[in-house]
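Participant: Dropping a structure here in structure tokens format, bear with me for questions.
The numbers here are math on the coordinates, done by the rules we state, and not lab data. Note that the structure is predicted; figures quoted are calculated from it, not measured. Positions of Cβ are backbone-derived with ideal geometry, glycine not excepted, and every protein chain shown enters the neighbour counts.
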Amino acid sequence: MYEWHQQIQTIVDEIDNCIKNYNGEALTLHFLSHKLGYSEFYTTRKFKEIAGMQFRDYLRHRKLAFALKEVRDRNKSFLDIAFDYGFSSHEAFTRAFKGTYGVTPSEYRKKPTPVILRTKINPFDRYFFGFGEIGMIKSTADVKIYFVTIPAHKFLHIKNYQSNGYWDFWQKQNLIPGQDYETICGLLDSIKGKLDDDGGSESNSGSGQLMAYINDPNGRLCDWGIPRTECYGARLPFDYNGEIPSQMLMLDVPEAEYIVFEHGPFDYEQENRSVEATMEKAMATFDFSGTGYCFDPSPGRIIYLLYNPERFWKYIRPVRSK
């Protein structure tokens with residue numbers, strides 16, 4: 001039943017790899033269909049059925065998302081960017097850019113503002129479909145536990161008072177116009193200077209986006225008996241003064257102490273649930289004796305969840321002196 005979801009995932013992965021490597025020759029429907037062993041017609045039909053858009057539209061908007069970051073972050077000429085991403089001329093690139101983002105590349109380079117980028121779709125996720133982990137390998141990485149002082153910063157986010165967990169959060173957000181997954185992730189992806197941005201583009205977590213939980217008297221009671229509100233957003237420098245998207249909130253977070261529970265890289269498909277259980281156990285059994293600290297449930301304190309299987313899984317939880 002889910003075979004074609006996996007096949008389309010293969011195409012989506014290949015698209016991003018080719019765009020990153022400026023390998024436009026491989027970004028043809030003929031090449032990608034041949035890679036799967038199906039006709040162009042059948043591949044196109046299944047792509048639209050599963051992805052909800054035409055193959056050519058997804059490819060075009062994904063190229064523009066990569067190109068926008070080069071316009072924003074580099075001094076590269078617009079003509080070079082146009083050729084690198086498969087546009088026939090400076091004019092063709094400018095028309096496509098303005099038609100998608102409402103401004104020309106030169107206007108955007110002078111004044112970058114949040115726009116909705118086409119983030120990478122993920123049509124196949126074995127946990128979303130309820131398959132669980134494959135379980136063929138197990139990581140030997142232990143959970144590192146340490147205390148840190150995090151400097152003052154800003155947190156740009158949306159929040160949901162009723163959600164319970166990542167999947168439920170987005171199911172509820174997707175019912176709110178302008179606060180759905182594609183819009184929010186696309187806006188965050190376009191913002192420069194995110195503190196946790198490692199330059200990744202294959203997953204939102206690699207581009208500085210994260211889940212968070214704010215201690216909130218109006219929130220849901222968590223397993224720890226503390227009312228919390230689930231959030232999704234990005235940490236920004238304290239002096240950030242860029243435009244704030246109208247559907248998002250900005251919070252000033254003062255310098256404070258935290259405890260970090262960190263697991264190293266792991267294989268998402270084969271280990272995710274096992275690593276999650278390991279992390280939960282480490283947090284539940286941690287003994288604060290002799291540390292001089294304890295968890296801080298004060299209203300307004302934030303728990304950050306940094307999740308990028310290629311690098312780490314971190315829970316960053318607020319603490320206070322005893």
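Participant: So who's got an amide H within less than 5 Å of the one on ALA256, skipping anything under 5 residues away but keeping other chains? H placed 1.01 Å off N, in plane.
Facilitator: Under 5 Å from the amide H of ALA256: ILE150.
Participant: When the Karplus curve 6.51 cos²θ - 1.76 cosθ + 1.60 is applied with θ = phi - 60°, which whole-Hz ³J(HN,Hα) does each residue of the range 91-101 get, with x for Gly and Pro?
Facilitator: Karplus values, whole Hz, x for Gly and Pro: 5, 5, 5, 4, 4, 5, 4, 5, x, 8, 10.
Participant: Helix-only estimate, please: 222 nm mean residue ellipticity of the chain, summing -39500 (n - 2.57) across DSSP H runs of length 4 or more and dividing by its residues, to the nearest 500.
Facilitator: Counting only the DSSP helices, I get -11500 deg cm²/dmol.
Participant: By average Cβ neighbour count within 10 Å, what is the ranking of 255-266, 280-291 from highest down?
Facilitator: Final packing ranking: 255-266, 280-291.
Participant: Another question, then. Karplus couplings for the range 154-161 from phi (6.51 cos²θ - 1.76 cosθ + 1.60, θ = phi - 60°), rounded to Hz, Gly and Pro as x?
Facilitator: With coefficients 6.51, -1.76 and 1.60, one gets 10, 10, 8, 7, 10, 9, 9, 7 Hz.
Participant: Using only Cα atoms and rounding to the nearest 10 degrees, what angle (0 to 90) does helix 181-190 make with the longest principal axis of the chain?
Facilitator: So the inclination is approximately 90 degrees.
Participant: Work from the charge dipole of the chain (Cβ charges, +1 for Lys and Arg, -1 for Asp and Glu, about the Cα centre) and give the residue of ASN215, LEU175, ILE121 farthest towards its positive end.
Facilitator: LEU175
Participant: Which residues' amide hydrogens lie under 5 Å from the amide hydrogen of LEU236, considering only partners 5 or more residues apart or on another chain, with H built in the peptide plane?
Facilitator: LYS154, PHE155, LEU156, LEU195
Participant: What shape does the range 144-321 take by its C-alpha gyration tensor, where a ≥ b ≥ c are the square roots of the eigenvalues and a/c under 1.5 counts as rounded, a/b above b/c as prolate, and the rest as oblate?
Facilitator: rounded
Participant: Along each of the three principal axes of the Cα atoms of the range 3-110, give the extent in whole Å, ordering the values from largest to smallest.
Facilitator: Each principal axis gives a Cα extent; for the range 3-110 these are 45, 24, 21 Å.
Participant: Moving on. What spacing in nm lies between the two simple spin-label points modelled at ASP73 and SER88, each 7 Å away from Cα in the Cβ direction?
Facilitator: It works out to 3.1 nm between the two label points.
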